[in-house]
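A.B. asks: Encoded as structure tokens, here's the structure I'll be asking about.
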Amino acid sequence: MAIQYYENVFEIERNRGYQLDEPDAYFDSGDAYRLNNQIQTAIQHYKKALEIAKNRGYKQREANAYLELGYAYRFNNQIQMAIQHYEKALEIATERGYKQEETNAYLGLGDSYRLNNKIQTTSTLRTSTEILQRESRRHKHQ
């Protein structure tokens, strides 16, 4: 049911020529497919969001697309692919100062390495926790 509503969003956006929210519509539809265990279709939607974000220079959405692809690949037990996408998200997030995306990339990497039985990389989770704590303290003092 939800998937049909997202398909309607694509049609409306195409007719309006409104492009800013187009990657978000692909994220949302990808999430719906992922939740329905249609992982390959979800991956296609996340890849489309990534393509649009890259072509339009939407760096934060590009980082989010890599994160979503990481989640989908991890959910599909394609751990190496997940790691590659989390690393790309981390690179963009770190360069641009996107702390939420940086934290999510570290968490995804930590989970992926744990699933891949590479426990020594739990320092990734510690780094993520440290970022969250720093950001939390910084926001309290503003």
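The values are calculated or read from the model by the stated rules, or taken from the named source; none is laboratory data. Every value quoted in this text rests on a predicted model; they were computed, and no experiment measured them. A quick note on method: Cβ atoms are made from the backbone with ideal geometry, for glycine too, and the neighbour counts reach across all protein chains shown.
A.B. asks: Taking into account only those residues within region 6-38 that are part of a loop (DSSP other than H, G, I, E, B), within 18 Å of Gly57 (Cβ to Cβ) and under 22 Å from the mean Cα position of the chain (by Cα), which is modelled with the lowest pLDDT?
C.D. replies: Leu20
A.B. asks: Pick from Ala72, Ala63: which is within 19 Å of Glu22 (Cα to Cα), buried (at least 23 other Cβ atoms within 10 Å of the Cβ), touching a residue at least 12 places away in the same chain (Cβ under 8 Å) and among the hydrophobic types (A, V, I, L, M, F, W, C)?
C.D. replies: On the way: Ala72 fails: within 19 Å of Glu22 (Cα to Cα).
Unique residue meeting the criteria: Ala63.
A.B. asks: Please go through (1) among the small types (Gly, Ala, Ser); (2) more than 15 Å from His85 (Cβ to Cβ); (3) at pLDDT 90 or above for Ala65 and return the number of the only condition it doesn't satisfy.
C.D. replies: Result: Ala65 fails condition (2) only.
A.B. asks: A further question on this structure: For region 75-112, name all the residues that are among the hydroxyl-bearing types (Ser, Thr, Tyr), surrounded by fewer than 24 Cβ atoms within 10 Å (Cβ to Cβ) and in contact with a Leu (Cβ under 9 Å, 6 or more places away or on another chain).
C.D. replies: Start the filter on region 75-112 by keeping residues that are among the hydroxyl-bearing types (Ser, Thr, Tyr), which leaves 86, 94, 98, 103, 106, 112.
Going one step further and asking which of them are surrounded by fewer than 24 Cβ atoms within 10 Å (Cβ to Cβ), we end up with 94, 98, 103.
Within region 75-112, Thr103 is the sole residue that qualifies.
A.B. asks: While we're on this one: Which one of Glu95, Glu101, Glu135 is farther than 24 Å from Tyr26 by Cα and at pLDDT 95 or above? Outline the logic, then answer.
C.D. replies: Values: Glu101 fails: farther than 24 Å from Tyr26 by Cα; Glu135 fails: at pLDDT 95 or above.
Of the residues listed, the single one that is farther than 24 Å from Tyr26 by Cα and at pLDDT 95 or above is Glu95.
A.B. asks: Now, a different point. Find the residue count for region 101-119, including only residues that are without any contact (Cβ under 8 Å) to a residue 24 or more places away in the chain and in contact with a helix residue (DSSP H, G or I) (Cβ under 8 Å, 6 or more places away or on another chain).
C.D. replies: Keep residues of region 101-119 that are without any contact (Cβ under 8 Å) to a residue 24 or more places away in the chain, which gives 107, 110, 114, 117-119.
Checking which are in contact with a helix residue (DSSP H, G or I) (Cβ under 8 Å, 6 or more places away or on another chain) leaves us with 107, 110, 114, 119.
Qualifying residue count, region 101-119: 4.
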